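A quick write-up on the structure given underneath.
The values are calculated or read from the model by the stated rules, or taken from the named source; none is laboratory data. Just so you know, these numbers come straight off a predicted model, no measurement behind them. Virtual Cβ from ideal backbone geometry, glycine too; neighbours counted across all protein chains shown. Side chains are part of the model used for accessible areas, which takes the heavy atoms of the whole protein and leaves out ligands, DNA and RNA. Shrake-Rupley method; radii C 1.70, N 1.55, O 1.52, S 1.80 Å.
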Amino acid sequence: MELFNPERWAATLANTDLLWQGFLFTIEVSLAGLLVSLLVGTLLGVFSTTQSRVLRGISRVYVEFFQNTPIVVQVFFVYTAGPMLLQAITGAEHVVRIAPFVLVVICVGLYHGAYVAEVIRTGIEAIPRGQMEGAQSQGFTRVQAYRYVILPQTFRIILPPLANQALNLVKNTSVLALIAGGDLMYQADILVADSGYLQGYIVCCAMYFLICFPIAMLVTWLEKRSRAPRKARRTATAGATEAEV
Amino acid sequence: MPNNMIDIVHLNKYFGDLHVLKDVSLSVREGEKVVLIGPSGSGKSTLIRSINWLEEPSSGEVRINGELMTKKNHLEITRKYTSMVFQQFNLYPNMTVMGNLTLAPIKLQKKTREEAEAEAMRSLKRVGLAHKADEYPQNLSGGQQQRVAIARALCTKQPIMLLDEPTSALDPEMVNEVLNVMVELAQENITMICVTHEMGFARQVADRIVFMEDGQILEEGTPEHFFTHPDNPRCQAFLDKIL
């Protein structure tokens, strides 16, 4: 079995410089993509909870489109159409190349933005209406109520699914390989193609695992924390005991 | 109208096609305790919620201490004059009891944390829950949560307290601890409007009982008048059913 051939393993492991480069690149793309998806998702998620039909409609169409089409198709489309579109917009002589990094950050960001939007929406909707009314009865404006009362409560609910989205996002950055992106998957593919040793893919998997497993642990921890009851906190003022009452 | 704390004048409220409040007028003097009763769906809650603009009137006026409430000034008036206790408590679950009591004083009334916490402790002592200041609301019983909600309403020191069925969501054995706090509150000069089905409480503390049905006020009077010889036959029918 060549998979256990020590020579092949030695050769592969001696050649991991490019893989580590891809590893770092994948992390960079993931972080940037996550940022885009959080911005897009928060905006659209809040849109979908407003009173405005237009904003809710925009959010709905966006979410349904991105959730119901494959990201690979989206990437290929943007890869092909993007440069032509930019050429048309800027009036350049030739098609305008988009760096693979930018392209995937945009694609992954927009794609996961749709999922993040749903997370944000359900998070806000999970807060009972009485919370807003309680805040308003005290004289808080809607914005203040969101800031002090509603949003802090949503964090607990949305953090686990958001971390889960981050995890999926990392894995989805591997579509970069399809357009020669320089990411981890791409480097592994080159290594395997050059050497003919499949070990490169295994190392590649291990490296993705290195990124994703901690995030998965984070998801589990956040989920546990979001279910745990809040415990009493000792503050400076509350020195009172039962006896004083 | 110098002594009226609240003036509701020809108030109408629609929910879509549903006419919930039909030309309701009601005035409440400073320090008066008014208990609103009536069958469910009669508009009592909508009426009390109109007083702090949780329900915006479809037409008519709400005046607090002579000031006309509008879309623009309702928050300002609410901050100055009214606090509310809800059926479902509506405490903030992400904050401790102390956090619940000090949020509005610190953020809206611009008190220092020390002032706000001292005031909060005074309020908590009054409802007998000073030892729960560091707890989160969901670790308290329903009765305790509602007493915290009353303390929260107290410590912002508005002259009007609105109570919307404060004991309706409680287990029977917890109703009395909340009613006792309310009875004690009623000794003070605070203006109190309470929607409730607790007739014992109504009889004990109300200066005036207002009976509503089908979006209208059908009968008003002292508890004495109201419980012994109400003029309106529907009011009598309601009393027969619940007493």
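Does the stretch A:10-28 include one or more residues that are farther than 19 Å from A:Val102 by Cβ, assigned to a helix (DSSP H, G or I) and at pLDDT 85 or above?
Scanning the stretch A:10-28 turns up at least one residue that is farther than 19 Å from A:Val102 by Cβ, assigned to a helix (DSSP H, G or I) and at pLDDT 85 or above.
Criterion applied to B:Arg49, B:Arg63 was being more than 10 Å from chain A (Cβ to nearest Cβ) and open to solvent by 20 Å² or more (accessible area, probe 1.4 Å), and the one residue passing it is B:Arg63. Looking across the stretch B:3-38, the residues that are in contact (Cβ under 8 Å) with a residue 24 or more places away in the chain, open to solvent by 40 Å² or more (accessible area, probe 1.4 Å) and out of contact with any His (no Cβ under 7 Å at 6 or more places or on another chain) come down to B:Asn3, B:Val9, B:His10, B:Tyr14, B:His19, B:Lys22, B:Ser27, B:Arg29, B:Glu30. Test B:Val178 against the criterion of being within 19 Å of B:Ala149 (Cα to Cα), in contact (Cβ under 8 Å) with a residue 40 or more places away in the chain, open to solvent by less than 10 Å² (accessible area, probe 1.4 Å) and touching a Lys or Arg at 6+ places or on another chain (Cβ under 7 Å), and give yes or no. The answer is no for B:Val178. Only one entry of A:Pro152, A:Pro100 meets the criterion of being open to solvent by less than 50 Å² (accessible area, probe 1.4 Å) and in contact (Cβ under 8 Å) with a residue 24 or more places away in the chain, and that entry is A:Pro100. The set of residues from the stretch B:101-144 being within 22 Å of A:Lys231 (Cβ to Cβ), facing chain A (nearest Cβ under 8 Å), part of a helix (DSSP H, G or I) and open to solvent by 40 Å² or more (accessible area, probe 1.4 Å) comprises B:His131, B:Gln138, B:Asn139. Please work out if A:Ile106 is under 30 Å from A:Gly22 (Cβ atoms) and either among the hydrophobic types (A, V, I, L, M, F, W, C) or surrounded by 18 or more Cβ atoms within 10 Å (Cβ to Cβ) (or both). Yes; evaluated as a whole, the condition is true for this residue. Scanning for something within 11 Å of another protein chain (Cβ to nearest Cβ) and either within 25 Å of A:Ala177 (Cα to Cα) or hydrophobic (A, V, I, L, M, F, W, C) (or both), does the stretch A:104-122 turn up at least one residue? No, because not a single residue in the stretch A:104-122 is within 11 Å of another protein chain (Cβ to nearest Cβ) and either within 25 Å of A:Ala177 (Cα to Cα) or hydrophobic (A, V, I, L, M, F, W, C) (or both). Quick check: is even one residue across the stretch A:138-146 under 11 Å from B:Tyr92 (Cβ atoms), touching a residue at least 12 places away in the same chain (Cβ under 8 Å), surrounded by 19 or more Cβ atoms within 10 Å (Cβ to Cβ) and facing another protein chain (nearest Cβ under 9 Å)? Within the stretch A:138-146 (the criterion being under 11 Å from B:Tyr92 (Cβ atoms), touching a residue at least 12 places away in the same chain (Cβ under 8 Å), surrounded by 19 or more Cβ atoms within 10 Å (Cβ to Cβ) and facing another protein chain (nearest Cβ under 9 Å)), the answer is no, since none of the residues qualifies. Per the listing A:Glu93, A:Glu28, the residue uniquely within 17 Å of the chain's Cα centre (by Cα), open to solvent by 50 Å² or more (accessible area, probe 1.4 Å) and farther than 30 Å from A:Ile150 by Cβ is A:Glu28. Of the helices (runs of 4 or more DSSP H) lying entirely inside the stretch A:125-173, those containing at least 1 residues that are acidic (Asp, Glu) span A:129-137. Among the residues of the stretch A:174-200, just one is of a type in the set (Phe, Trp, Tyr) and within 24 Å of the chain's Cα centre (by Cα), namely A:Tyr186. Taking the stretch B:80-89 as the range and being assigned to a helix (DSSP H, G or I) and either closer than 27 Å to B:Ser168 by Cβ or more than 9 Å from chain A (Cβ to nearest Cβ) (or both) as the test, only B:Tyr81 passes. Of the residues in the stretch B:90-100, at least one is open to solvent by less than 40 Å² (accessible area, probe 1.4 Å), in contact (Cβ under 8 Å) with a residue 60 or more places away in the chain, at the interface with another protein chain (Cβ under 8 Å from one of its Cβ atoms) and not in a helix (DSSP H, G or I).
Among the criteria (1) more than 13 Å from every other protein chain (Cβ to nearest Cβ); (2) open to solvent by less than 20 Å² (accessible area, probe 1.4 Å); (3) touching a Ser or Thr at 6+ places or on another chain (Cβ under 9 Å), the one A:Ala188 does not fulfil is (3). Residue count for the stretch B:197-212, restricted to those that are acidic (Asp, Glu) and in contact with a Phe, Trp or Tyr (Cβ under 7 Å, 6 or more places away or on another chain): 0.
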